């Protein structure tokens, strides 16, 4: 195993590292089509990395991306604060159980403090014992249900009219 060189927050110019992180996610989640087939161009990725609402953190072993974390900053409306949602986190198989994921989350915790975020939250799938153990040692578990709702065009949207007020 190579020595872990750095935990790095990606900046606008780091599109190549972001693409390496996407490849890692495709491999780790066995969803290569999702992460590799229709990647945006470098301009889009650079704007995303420069955005205040997206955070990408990589773990490097030498020049190789061996871990990645993608998170979104969600400004709240009920109070002047934000929450950070860890959308994806993966570590290359040969670097697991060596503190890489914890180190990336700890880096995100520092960013959360700097940005005044209220909380960091993440989802884990039932049966994903490694993720549940990791997140359980770092935070408080909540029992929630998650629903995916497909987008669909309403009649008003299809006609180019605003939705009626209730």
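The values are calculated or read from the model by the stated rules, or taken from the named source; none is laboratory data. Fair warning: this is a prediction, and the values are worked out from it, not measured in the lab. Note: ideal-geometry Cβ built from the backbone for every residue, glycine included; neighbour counts use all protein chains shown.
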The correct count of residues that are part of a loop (DSSP other than H, G, I, E, B) and over 24 Å from residue 20 (Cα atoms) in the range 126-137 is 2
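Is at least one residue of the range 147-163 surrounded by 13 or more Cβ atoms within 10 Å (Cβ to Cβ), at pLDDT below 85 and either in contact with a strand residue (DSSP E or B) (Cβ under 9 Å, 6 or more places away or on another chain) or not in a loop (DSSP other than H, G, I, E, B) (or both)?
Step one: list which residues in the range 147-163 are surrounded by 13 or more Cβ atoms within 10 Å (Cβ to Cβ), which gives none.
So far as the range 147-163 goes, no, none of its residues is surrounded by 13 or more Cβ atoms within 10 Å (Cβ to Cβ), at pLDDT below 85 and either in contact with a strand residue (DSSP E or B) (Cβ under 9 Å, 6 or more places away or on another chain) or not in a loop (DSSP other than H, G, I, E, B) (or both).
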